[in-house]
Structure formats: C-alpha cells, structure tokens
Amino acid sequence: MRNIKNLVEKINILKKEKNAVILGHCYQNLEIDEVADYVGDSLQLSRLASQTDADIIVFAGVYFMAETAKILSPDKKVLLPKLDAGCRMADMVDLEQMREFKAMYPDIPVVCYVNSSADVKAEADICCTSANAVKVVKSLNVPKVLFAPDKYLGSYVGSQVPETEVVTYPGYCPTHLAILVEDVQNMKAAYPEAMVLVHPECHKAVVELADYVGSTTGIMKYAKESDAEKFIIVTEKGVVDRLTRDYPDKKFYLVCKKAVCPNMKMNTLDDILRVLETEENEIFVDEEIAAKARLAIERMVAING
Ligand code: 13P
Ligand code: SF4
C-alpha cells in the first residue's frame, strides 16, 4: 500500500540534504501540497523561481513552467517529476508557426502567454500570465499587439484594453474549452446564490457569465475575501480541491467534471521522491534561446501585478 506519510518524510529529508525547493501549481494533485514550499499560479511561481537560493528546483507543474524556472535561474538544477507532463496549449505553437504568425503582421509588438515553449517565448517582446495579461498589454500603450498562443485569453484582454487591437494566434486550452455555457447555467440553476469565478482561458460566452474573472490565484483570493458563501469555480479542479480544504465554512462547486487537466495531474509524490533521489528529468534550455526568452519573461516580472 502507498504510504503518503512515508513519502512525505523521505522527500522532506532529501529536500534539506540537497537544498532543494519544491514549487507547485494549484492544478496539481492535492498531495503535492504536503511537500511543496510554495503553491501558486504561473506568475507567482515565475517570481519565486527567479528569487530562490536553492540549488535544485523541483517543479510540480507542466513542462513550460519548469522551462521558465530554468530560464530565470540558469545556474540551478531544475527537475520536472514527469517529463511528459506538457501543456496542450503550449504544444499548439512551435517556432516555425510563431515566426509565420509574426511575418503576417510585421513590426507589431508580440505578447506571449507563458504557456509556451522557450523558443516561442524567445520570439516575443514580452511575456504575460493570466494574472497580468491585461496589465502587460496596457503597459505597451500601442494601437495593436500580437498575442500567442491563447486566442481566448487574448480576446479577453482585447475586451479589457479597447484602445489596443489584440490579434490572436489560434491556440487554446482543451480543458478550459471543454467547459460550456450550459455547464455554468446548470450550476447556476442548482446554486442561484453562488458567485461564478472564471479563468480567462474559457470561451467568451462563459467568461461573460462571470462575477469575477482571474488567474487561479486571483480566483482563490477572491473566494477567500468575498462575503459570499457559495462559489461556482470555472477552472481546473485543483482550485476547488484547495479552496474546499482551506475554507471549510464555504462551499465550492466545480463547474463540471470535464474541468480537469490530465497533464497537470501526472506528477505524484512518488515522482518527486524519484527525481530528488536520482536528479533525473533535468530541464535544459539552449543559452542563446534562454537569453532572449529571459528578456521577455523579465519584462513581464518587472510589471507589478
Ligand atoms: P494561471 O496563470 O492561473 O496559473 O494558469 C495557468 C494555466 O495553465 C491555466 O490553464
Ligand atoms: Fe495547459 Fe490547459 Fe493544462 Fe493549463 S489547463 S496546463 S493551459 S492544457
């Protein structure tokens, strides 16, 4: 039988011995929180990855997150517990496709969602996450930007920054797009007093039903601070799991069973222990690409909020 307590103990001992830090995204399996030093959204995790003084970063998340940590901390060893935990949206744009997209709109600033590979980020002027995409585009103060790879986040940003035309690449998150208007309406019918909290990777028509739109951490903070007692959570299941654990006096309803990212769920405590023991699954990024991508990420990290 799998002994979680035992796994946690072994991981914590190795973590100390090797001066390792464990970063986890809030879509991870809940058990990851037992050993994670920090759990948060992509923006918080990027900031933490650039600030830590650990020798090893174990990234409990998907590939682009570990790659971002390596770009920001090139001298550290970055390990991804499951190497095939990729982001299906990030995989929708490769270097050639990104260059073709840019070639269609020469001389227009390029904003790249961090859910993308290092060589795609290297083609961008600035990165963004779902937490700061609106702020990043506003900061550019230009009439037109290119936005890749998420068409839905890009068009949400366009609706919030009407002075800037946002031209989007046709990528999307299959998990968030599986959430339909009917799913939200059915939950609203069952819990009419509940607030609807939505991630901006969702369909526009789903976002339009929201009382609040924000990143995973934004949603969690809103739920924590709100006086309301019931919430329909319109993003990945990990957010509901953490809210239910942390705020037992409130009720959280996952919008539908499809709201699960299979890749985010790949990492387990067993994988974390294995990579800490063996130091396998190390992430490498070509230094020339990393230097360009770092500029785009650092410009984003420098924008407050
Ligand atoms: P956050 O920017 O909220 O961390 O979301 C990342 C992600 O992968 C959403 O699908
Ligand atoms: Fe990528 Fe979507 Fe999974 Fe986020 S939820 S990691 S965008 S596939």
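Of the residues making up the range 201-248, those that are over 21 Å from Gln28 (Cβ atoms) and among the small types (Gly, Ala, Ser) are Ala205, Ala210, Ser226, Ala228. Just one of the numbered conditions (1) out of contact with any strand residue (DSSP E or B) (no Cβ under 6 Å at 6 or more places or on another chain); (2) assigned to a loop (DSSP other than H, G, I, E, B); (3) modelled with pLDDT of 95 or more is not true of Asn304: (3). If the condition is being within 14 Å of ligand 2 (Cβ to nearest atom) and in a strand (DSSP E or B), then the range 18-37 contributes Gly24, His25. Within the range 65-117, restricting attention to residues that are over 19 Å from the mean Cα position of the chain (by Cα) and β-branched (Val, Ile, Thr), which residue is farthest from Glu298 (Cα to Cα)? Among those that are over 19 Å from the mean Cα position of the chain (by Cα) and β-branched (Val, Ile, Thr), it is Ile108. Taking the criterion of being farther than 25 Å from Ser155 by Cβ, part of a loop (DSSP other than H, G, I, E, B) and in contact (Cβ under 8 Å) with a residue 12 or more places away in the chain, the residues of the range 208-233 that qualify are Ser226, Ala228, Glu229. Anything in the range 174-196 that is in a helix (DSSP H, G or I) and open to solvent by 70 Å² or more (accessible area, probe 1.4 Å)? List them, or say none. Across the range 174-196, the qualifying residues are Glu182, Gln185, Asn186, Lys188, Ala189.
Taking the range 66-93 as the range and being part of a helix (DSSP H, G or I) and within 18 Å of Ile126 (Cβ to Cβ) as the test, the residues that pass are Glu67, Thr68, Ile71, Leu72, Ala90. Restricted to the range 234-269, and to residues there that are more than 21 Å from Gly61 (Cα to Cα) and touching a residue at least 40 places away in the same chain (Cβ under 8 Å), the residue that is surrounded by the fewest Cβ atoms within 10 Å (Cβ to Cβ) is Lys251.
Can you spot a residue in the range 274-281 that is more than 16 Å from ligand 1 (Cβ to nearest atom), in a loop (DSSP other than H, G, I, E, B) and open to solvent by 50 Å² or more (accessible area, probe 1.4 Å)? Yes: the range 274-281 contains one or more residues that are more than 16 Å from ligand 1 (Cβ to nearest atom), in a loop (DSSP other than H, G, I, E, B) and open to solvent by 50 Å² or more (accessible area, probe 1.4 Å).
The set of residues from the range 133-153 being under 15 Å from the mean Cα position of the chain (by Cα) and surrounded by 24 or more Cβ atoms within 10 Å (Cβ to Cβ) comprises Ala133, Ala148, Pro149, Asp150, Leu153.
Checking each residue in the range 3-35 for being buried (at least 20 other Cβ atoms within 10 Å of the Cβ), among the hydrophobic types (A, V, I, L, M, F, W, C) and under 20 Å from Thr278 (Cα atoms) picks out Ile11, Ala20, Val21, Ile22, Leu23, Ile32, Val35.
Note on the range 50-63: among residues that are surrounded by fewer than 23 Cβ atoms within 10 Å (Cβ to Cβ) and not in a strand (DSSP E or B), the one that is nearest to ligand 2 (Cβ to nearest atom) is Tyr63. Looking at the range 36-43, is at least one residue within 17 Å of Glu279 (Cα to Cα) and open to solvent by less than 10 Å² (accessible area, probe 1.4 Å)? No, the range 36-43 contains no residue that is within 17 Å of Glu279 (Cα to Cα) and open to solvent by less than 10 Å² (accessible area, probe 1.4 Å). State whether one or more residues within the range 220-236 are of a type in the set (Gly, Ala, Ser) and within 20 Å of the chain's Cα centre (by Cα). Looking through the range 220-236, at least one residue is of a type in the set (Gly, Ala, Ser) and within 20 Å of the chain's Cα centre (by Cα).
Quick one: is Ser46 in contact with a helix residue (DSSP H, G or I) (Cβ under 7 Å, 6 or more places away or on another chain) and within 15 Å of ligand 2 (Cβ to nearest atom)? Yes, satisfied. Taking each residue of the range 122-141 that is under 10 Å from Pro109 (Cα atoms) and looking for partners that are in a loop (DSSP other than H, G, I, E, B) and of a type in the set (Val, Ile, Thr) with beta-carbon atoms closer than 6 Å, six or more apart or interchain, yields Val137/Val161; Val137/Thr164. For first residues located in the range 270-283 and on the phi > 0 side of the Ramachandran plot, partners that are in a helix (DSSP H, G or I) and lie 6+ apart or on another chain with Cβ distances below 6 Å form the pairs Asn281/Val275.
The values are calculated or read from the model by the stated rules, or taken from the named source; none is laboratory data. For clarity, every value in this text was computed on a predicted model and none was experimentally measured. As a convention, Cβ positions derive from the backbone with ideal geometry for all residues, glycine included, and neighbour counts pool all protein chains shown. These accessible areas exclude ligands, DNA and RNA; they are computed on the full protein's heavy atoms, side chains included. Shrake-Rupley method; radii C 1.70, N 1.55, O 1.52, S 1.80 Å.
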